[in-house]
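Coordinate-derived values only; no laboratory data. Since we're looking at a predicted model, the values are computed, not measured. Please note: Cβ atoms are built from the backbone with ideal geometry, for glycine as well, and neighbour counts cover all protein chains shown.
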Amino acid sequence: MPVLPSVAVVILNWNGRKFLEAFLPSVCRSTYGNLQLILADNASSDDSVDYTRTHFPQVSIIRNAVNTGFAGGYNEALQHVKADIYVLLNQDVEVTPGWIEPVVAQMEADKTIGACQPKLRAYANKACFEYAGAAGGWMDILGYTFCRGRILYRTEEDHGQYDTVQDIFWATGAALFIRAECFHGVGGFDPYFFAHMEEVDLCWRLQRAGYRISYCPQSLVYHVGGGSLPQGNPRKLYLNFRNNLIMLHKNLHPAERNIIFLQRFFLDILAGLKSLVSGKPRDMKAIYLAYRHFRHWRRDYDASGDTLPRLKLFDLKGVFHGIMIWRYYFLGRKTFSELTRQ
């Protein structure tokens, strides 16, 4: 009988006692045969570590000395985890019976799959896909991200319309299955990101390294979402815009970079003006600061350590060869199926 690959479910926690109390029991009921459960605590000030140690002694604990965000926190913790496959699981995720087995089977059947995600539905409305990953992440030619089952802030009900295994551009960081050798081989998360967009950047680098990103509809989890920064928070908007610009600069082929940035700058100005006239000046300020700090980052950026091949967007999976916001706002295509229809 073949040996099951070792799997480590690693939950990055920051002051998450209420989430651990609600959702850790479902994780501890996981039935996979070669499994470690690990709580990576990101310098919490609440009693979540003591709570876990007392009520879930089967869960190992790693304590980071300081909170360096999602990206830095996982980079630090995973230095101390030995497994074939990491599962990076948010503290606000409820898993379902047998959620690990189909994803591992899919990855074992094709060694070119570097990362994979389950189906992500909303905990508050379990019939609907959830914002952070839905049925797999995509990106358009200008770097705007969306999902099968979620365009901008609009999510779809799950009627089985995306119940097919498919290559995607990025897998959600809320429940990310990734080969350990792949994670470390491409340098892990970019710690400068702190939070938001770091999984998209990581998956882009995995594709540049020759790996595929996949979606497994046979695995289902429910995500609360917005646990640290809710939708509409200017800080979240700032991080999303800033990190998206950094990701594009790092990963785009030089032949595509200038024309894409020119178009993005124009559209992002429009987004800022829309925020202003909508009575949200803090959102406009967030976009301005994102560009300002991106320019500061670019001035100091040293690409000498990035030896991965620069692939054009047409050579990558999960890229929509059109402009998502154009089709959404001006053509009225509000679902993934409508958006990608020719």
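How much of the DSSP beta bridge set in the chain is antiparallel, as a percent to the nearest 5? Roughly 45 percent of the DSSP beta bridges within the chain come out antiparallel. Which residue, chosen from 129, 270, 314, occupies the Cα position most advanced towards the positive end of the dipole of the chain, where the dipole is computed from +1 (Lys, Arg) and -1 (Asp, Glu) charges on Cβ about the Cα centre? My answer, from the dipole projection, is 270.
Across every pair of non-identical alpha carbons in the chain, the mean reciprocal distance, once inverted, gives a Kirkwood radius of 20.5 Å. Computed from backbone phi with θ = phi - 60° and the Karplus coefficients 6.51, -1.76 and 1.60, the 3J(HN,Hα) list for the range 333-338 is 8, 9, 10, 4, 4, 5 Hz; x is used for glycine and proline.
Give me 320, 189 sorted ascending by neighbouring Cβ count inside 10 Å, so fewest comes first. Please list the in-between numbers first.
Values: 320 19, 189 25.
Sorted ascending by nearby Cβ count, the order is 320, 189.
Amide H contacts of residue 152: 147, each under 5 Å away and 5 or more positions distant or on a separate chain (H built 1.01 Å from N in the peptide plane; Pro and chain starts excluded). Residue 334: which aspartates and glutamates have alpha carbons under 12 Å from its alpha carbon, excluding same-chain residues fewer than 8 sequence positions away? The qualifying aspartates and glutamates are 156.
In summary, the lysines within cross-link reach of residue 274, defined as a Cα separation below 18 angstrom excluding same-chain residues under 8 places away, comprise 236, 285. Dividing the summed -39500 (n - 2.57) terms of all DSSP H runs of n ≥ 4 by the residue count of the chain sets its mean residue ellipticity at 222 nm at -11500 deg cm²/dmol.
Basic side chains Lys and Arg get +1 at the Cβ, acidic Asp and Glu get -1 at the Cβ, and with that the dipole of the range 1-96 about its Cα centre reaches some 180 debye.
Below 8 Å, C-alpha to C-alpha, sequence gap of six or more: please give me the relative contact order for the chain in percent. Show your work: numbers first, answer last.
Details: 633 pairs, mean separation 63.4, N = 342.
Relative contact order of the chain: 19 percent.
In plain terms, the chain from residue 315 to residue 235 could stretch by 25.5 nm, reckoned as 0.36 nm per residue minus the Cα-Cα distance.
Considering only Cα-Cα distances, which of the following residue pairs are longer than 20 Å: 18/119; 119/250; 119/317; 111/317? Don't jump to the answer; show the numbers that get you there.
Details: 18/119 24 Å; 119/250 29 Å; 119/317 18 Å; 111/317 16 Å.
Too far apart for the 20 Å limit: 18/119; 119/250.
Exposed loop positions in the chain were taken to be trypsin sites (Lys or Arg not before Pro) whose DSSP state is not H, G, I, E or B and which have at most 16 other beta-carbon atoms within 10 angstrom. Between these positions, the longest stretch is 127-309. Extension gain, residue 66 to residue 285, is 76.0 nm, computed as 0.36 nm per intervening residue step minus the present C-alpha separation.
With the simple spin-label model, which puts each label point 7 Å out from Cα in the Cβ direction, the residue 267 to residue 55 separation comes to 4.4 nm.
Taking the Cα centre of the chain as origin and charging only Cβ (+1 Lys, Arg; -1 Asp, Glu), how large is the dipole, in debye to the nearest 20? Can you show the working numbers first?
Details: 38 positive and 32 negative charges, 246 e Å.
The calculation lands at about 1180 debye.
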